[in-house]
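First up is the structure itself, then whatever we jot down about it.
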Amino acid sequence: MLDLWKTLTGLVGNTPPSSRKADAHRIAAAALLVEAGCVDGQMDGIERDQIESLLASHFGLDTDEAQSLLDAGEKAARESVEWHGFTHTIMRAFDHDAHVELIEMLWQVVLSDGRLHDYEASLMRRITGLLYVSGSESAEARNRARKALGLD
């Protein structure tokens, strides 16, 4: 757990502090996306592919970089017992518009299998609140996610 915290806060490694901070923010976002993919009890291939695609497009990564970030997000999610560390990192790193964009990405993950499990809906309500995104902003993000996934 201490290693996870050090990784998220940028206290370890030989990379410059600014690079570590960027990595911490990306890992936190990836970990939340992984949590969204796993909250219903399993992360299937569709959800995993969706997360990798979202990470690549959002952060401008190639396939290998997106896969590495996804792996780091999975490890961080496995080692964490709560989401507050991830959301706190994201709150410090990104502006409100980026918080809404992350909520939209989370909606794309939980809706990627075509159904919304009660646990997924609960996760979305909690993370939306922790990122200070309003219910109406989350609903709009959900609608954009549905449209992006072709579910309308």
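Please check which bits of the stretch 47-64 a label hung off residue 116 would reach, taking the label as a point 7 Å along Cα-to-C-beta and the cut-off as backbone N under 14 Å.
No residue passes the distance filter.
Give the shape of the stretch 29-87 as rounded, prolate or oblate, defined through the alpha-carbon gyration tensor: a ≥ b ≥ c are the square roots of its eigenvalues, a/c under 1.5 means rounded, and otherwise the shape is prolate if a/b is larger than b/c and oblate if not.
Here the stretch 29-87 falls in the oblate category.
Could you give the length gained by full extension between residue 44 and residue 125, i.e. 0.36 nm per residue of separation minus their alpha carbon distance, to one decimal place?
27.0 nm
So how strong a dipole does the stretch 85-152 carry about its Cα centre when Lys and Arg Cβ are +1 and Asp and Glu Cβ are -1, to the nearest 20 debye?
Value, rounded to 20: 120 debye.
Kindly rank 133-142, 35-44 from highest to lowest mean number of other beta carbons found within 10 Å of each residue.
35-44, 133-142
Quick check for you: with a 1.4 Å probe and neighbouring chains kept, what is the accessible area per residue of the chain, in Å²?
Accessible area per residue: 52 Å².
In nm, what is the difference between 0.36 nm times the number of residues separating residue 146 and residue 134 and their Cα-Cα distance?
Result: 2.5 nm gained on full extension.
Ignoring ligands, DNA and RNA, what percent of the 1.4 Å accessible area of the stretch 15-142 is carbon and sulfur?
Percent of accessible area from carbon and sulfur atoms in the stretch 15-142: 50.
The values are calculated or read from the model by the stated rules, or taken from the named source; none is laboratory data. This one's a predicted model, so the numbers in the text were calculated from it and none came from an experiment. Using ideal geometry, Cβ is built from the backbone for each residue, glycine included, and neighbour counts are taken over all protein chains shown. Accessible surface is based on the protein model in full, side chains and every heavy atom, while ligands, DNA and RNA are left aside. Shrake-Rupley method; radii C 1.70, N 1.55, O 1.52, S 1.80 Å.
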